[in-house]
């Protein structure tokens, strides 16, 4: 599975130009974090990958499929998308049916749909809530439920829009574990996040966007070392990188051990 | 300005209390942050300070809550609204849906307070600048990004100039610099306008840098209360489902590795960490 975004421009009806020529190549098994200020075009770009939006110019292909030639329903078999606001995607009355909704629509057998849903609920720690009404869950649990809905679809590409929003330390660890598991399964994992520490802990490649364009694209440590560029898109490097810079250390450490190792003895 | 005495609250049909024996006071102009794992009671506490708990959510409450001289457990919500501004964490819950431009959305609260139009306009302009919403005045609230909607929700409350502003994770959808700016705005509101700020938040780095005081809730109980440097460096934090800032973590690792003296107090902010390591 490869994703190719080729010189994509997009203008919303009403004239707001959200993407101004974005080109990216994403290989099977890659995991990438998209960062950048509110309004930079991150969500707009991701919505092009599952066909919710079609490019005004340029081309997006998901393997051999040009997204303009395929419906969202069909693309959903390849690209799973977890929205920022969980309430934008809730349709059923019990948690288990909500999670099974996607797999059923994709044509999984009832047995597979349920088995995948039960497994996904276990991964996000919501097994005990399968008969609960989605709106009786707390906001952070609803977010985890929508993660489970997309996991259950078993798509080769998974997109998370701000998955860590509103999560505490336990929720962060859980979502981090989910990302690691998806990476082990060699799926393409793309996230949009403002949580720079989360992004540097779990993603090897980072794309920073600003004003509808790609500002920097590269290995996480290299991107995070560019405080000057990141500042132009309202992003600050991770706490450890800022500390290393403030101490005048010549490194951009992404882990505690990395910073400790760089301290003068 | 805020006074709770032995407050215990249960949601309807709940077996365990969401708030359990809370007593504390917050003085005028203080910036007080409340932290805790999900489900610890932060949102319930914010709702209680604005009277929504128990007046809207029902349930049973004992003890007393006084905010700016009002008994918020019993005072009509309309009276409380003029004094206590509540910002929800999800801006979709805040935006009225009854106004079609950002400017009118911000005006909504002022209209309800019968503020004269001549006074309204400069206040709206001022707050839009404050919240970085210039240039968006004529956009539909629903055509904004999540972060812009969150700033609009904050602006709609601050424009009413409440004596006490209560915010439930108001920066959850903001980019890092935007989040820091909200903290900085609230800091200056507390310092210069003597607005009392009470904020539930997960971003401990900014809590450490900007708040005067931190409360920790765990299973509805108040388990820690003090200045950020003390509360956030405490080894107990993990027990309450909270992770210290990376500054505290790396300093502790350096102490354990014998690279720094175990007697030096742990840092919670970047500035303190620089001092710790130099």
*Among the candidates B:80, B:127, residue that is surrounded by 12 or more Cβ atoms within 10 Å (Cβ to Cβ), closer than 24 Å to residue B:180 by Cβ and more than 14 Å from every other protein chain (Cβ to nearest Cβ)*: B:127
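Among A:51, A:29, A:39, which is under 15 Å from the mean Cα position of the chain (by Cα), within 29 Å of residue A:202 (Cα to Cα) and part of a loop (DSSP other than H, G, I, E, B)? Step through it out loud before you land on a result.
Numbers: A:51 fails: under 15 Å from the mean Cα position of the chain (by Cα); A:39 fails: under 15 Å from the mean Cα position of the chain (by Cα).
Going through A:51, A:29, A:39 in turn, just one is under 15 Å from the mean Cα position of the chain (by Cα), within 29 Å of residue A:202 (Cα to Cα) and part of a loop (DSSP other than H, G, I, E, B): A:29.
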_Going through A:189, A:235, A:207 one at a time, which residue ends up being within 19 Å of the chain's Cα centre (by Cα), in a loop (DSSP other than H, G, I, E, B) and either buried (at least 22 other Cβ atoms within 10 Å of the Cβ) or away from every other protein chain (no Cβ under 14 Å) (or both)?_
A:235
*Residues located in region A:238-261, provided they are under 11 Å from residue B:274 (Cα atoms), surrounded by fewer than 23 Cβ atoms within 10 Å (Cβ to Cβ), in contact with a helix residue (DSSP H, G or I) (Cβ under 7 Å, 6 or more places away or on another chain) and more than 8 Å from chain B (Cβ to nearest Cβ)*: A:245
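For region A:194-203, enumerate the residues that are part of a loop (DSSP other than H, G, I, E, B) and modelled with pLDDT under 95. Steps first, please.
Kept after step one, since they are part of a loop (DSSP other than H, G, I, E, B), are these residues of region A:194-203: A:194-195, A:203.
Listed by number, the residues that qualify are A:194, A:195.
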*What are the residues in region B:249-268 that are within 21 Å of residue A:195 (Cβ to Cβ) and more than 10 Å from chain A (Cβ to nearest Cβ), if any?*
B:268
_Hits in region A:86-125 (condition: in a helix (DSSP H, G or I) and within 14 Å of chain B (Cβ to nearest Cβ))_ = A:86, A:87, A:88, A:89
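For region A:63-83, what are the residues that are under 23 Å from residue A:162 (Cα atoms), buried (at least 16 other Cβ atoms within 10 Å of the Cβ) and free of Cβ contacts under 8 Å to residues at least 40 places away in the same chain?
From region A:63-83, those under 23 Å from residue A:162 (Cα atoms) are A:72-73, A:75-83; that's our starting set.
From what's left, buried (at least 16 other Cβ atoms within 10 Å of the Cβ): A:75-83.
Matches in region A:63-83: A:75 only.
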_Among the numbered criteria (1) in contact with a helix residue (DSSP H, G or I) (Cβ under 6 Å, 6 or more places away or on another chain); (2) surrounded by fewer than 20 Cβ atoms within 10 Å (Cβ to Cβ); (3) within 21 Å of residue A:255 (Cα to Cα); (4) more than 14 Å from chain A (Cβ to nearest Cβ), which one does residue B:233 miss?_
(2)
*Starting from region B:109-126, take each residue that is over 17 Å from residue B:85 (Cβ atoms) and list its partners that are modelled with pLDDT of 90 or more and assigned to a loop (DSSP other than H, G, I, E, B), counting only C-beta distances under 9 angstrom and pairs at least six apart or across chains.*
B:125/B:137
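The values are calculated or read from the model by the stated rules, or taken from the named source; none is laboratory data. Please read all numbers here as calculations on a predicted model, not as lab measurements. Cβ atoms come from the backbone with ideal geometry, glycine included; neighbour counts cover every protein chain shown.
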